[in-house]
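Bear in mind that the values in this text are calculations on the coordinates, not laboratory data. Model, not experiment: these values are computed from the prediction. When we count neighbours, we look across all protein chains shown, and the Cβ atoms used for this are built from the backbone with ideal geometry, even at glycine.
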Amino acid sequence: MFRIALAQMNATVGDLEGNAEKILRFAEEARKEGADLVAFPELALTGYPPEDLLLKPSFIEGNLRVLRELVPKLKGIISVVGFVDKDADIYNAAAIVADGKMVGVYHKVYLPNYGVFDEDRYFKPGSEYPVFASDDLTFGVNICEDIWYPGGPTYFQSLKGDADLIVNISSSPYHMGKGHHRERMLSTRASDNIVIVAFVNMVGGQDELVFDGHSLVFDERGEKLAEGAWFEEELLVVDLPVGEVFRTRLHDPRRRRVNLEEGEVPRISVPKFGRSPKPPIS
């Protein structure tokens, strides 16, 4: 049994040190709960949306410095942390940290540029769909808008990368009916790709945006396994029946017939992280 923790936290835009402290507290709580992996919302380190702070090189460098200081403290667990990555440009990114060491980075592919979103103005889109694998599990990470596309990263990570689990980190703002719409989409994405989907969302208010939390987990048949509180910080801890993914795929020929596009899904090794025995979930 693989145990995941979803930390739906209220990040403050621009408060890098404060957000890092909150990430560390949630990670320590998740480790005490026996979680193998803890996931944090999109851009949890910077807060969302950071907007024109992203035009300040000192802010980008500060976010990278704080991440470097945070990584070695995330011991005894796999952590997925939203931050801003940088090379010749900047990316909306997720750091994958295993037992205090950075093992990989995912860059958001689909950047929303409608309604309240303006990510094309700030970020360069990613172009790869890596998966992370050990003897226990293969999982993919993607970010918010990425999972809304049927043929997007979830499709490639699941059907070509053989991921058992997709972790989607989001800062998805609330509007009337959004929760129901989101649940239907995530259930469909899980069943279509025969994969467990774990979605973690931000809570709190930033300017005119309100984030509702309501993190969700669906099994490979699209059945809801767990849901987080609405509009409250919470650590949602869930045991995942990852062995059932392989069993279900054996009985479903669809994935064998999928005409996948050219190209490989990068496969990154991580240490064995299925720990047992586990304490009861509190």
Notebook entry, point to check: What is the magnitude of the charge dipole of the chain about its Cα centre, with +1 placed on the Cβ of each Lys and Arg, -1 on the Cβ of each Asp and Glu, and no other charges, expressed in debye to the nearest 20?
Noted result: 860
Notebook entry, point to check: Taking R0 as 22 Å, what's the FRET efficiency between Arg25 and Val210 from their Cβ-Cβ distance, rounded to 0.05?
Noted result: 0.40
Next item on the list: For Glu128 and Ile268, compute 0.36 nm times the residue count separating them, minus their Cα-Cα distance, and round to one decimal in nm.
Entry: 49.2 nm
Notebook entry, point to check: If you take the beta carbon distance between Asp252 and Met1 as r and set R0 to 22 Å, what does 1/(1 + (r/R0)^6) give as a FRET efficiency, to the nearest 0.05?
Noted result: 0.45
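Could you pull out the trypsin sites (Lys or Arg not before Pro) across the stretch 196-254 that fall in loop regions by DSSP (anything but H, G, I, E, B) with no more than 16 other Cβ atoms inside 10 Å?
On the way: sites: Arg221, Lys224, Arg247, Arg249, Arg254; in loops: Arg221.
For trypsin sites (Lys or Arg not before Pro) across the stretch 196-254 that sit outside H, G, I, E and B with at most 16 neighbouring Cβ atoms in 10 Å, the list reads Arg221.
Where does the charge balance sit around Leu111 when Lys and Arg score +1, Asp and Glu -1, over other residues with C-beta under 11 Å from its C-beta?
Values: positive: Lys108, Arg121, Lys124; negative: Asp118, Glu119, Asp120, Glu145, Asp146.
Surrounding charge for Leu111 is -2.
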Next item on the list: Determine the relative contact order of the stretch 2-269: mean sequence separation of Cα pairs under 8 Å and six or more apart, normalised by residue count, in whole percent.
Entry: 20
Margin query: Students often forget the sequence filter, so: which lysines lie under 23 Å Cα-Cα from Lys124 once same-chain residues fewer than 8 apart are removed?
Written below: Lys56, Lys86, Lys108
Margin query: Of the candidates Gly126, Gly205, Gly177, which one comes out as most mobile in a Gaussian network treatment of the chain with C-alpha springs shorter than 10 Å?
Written below: Gly177
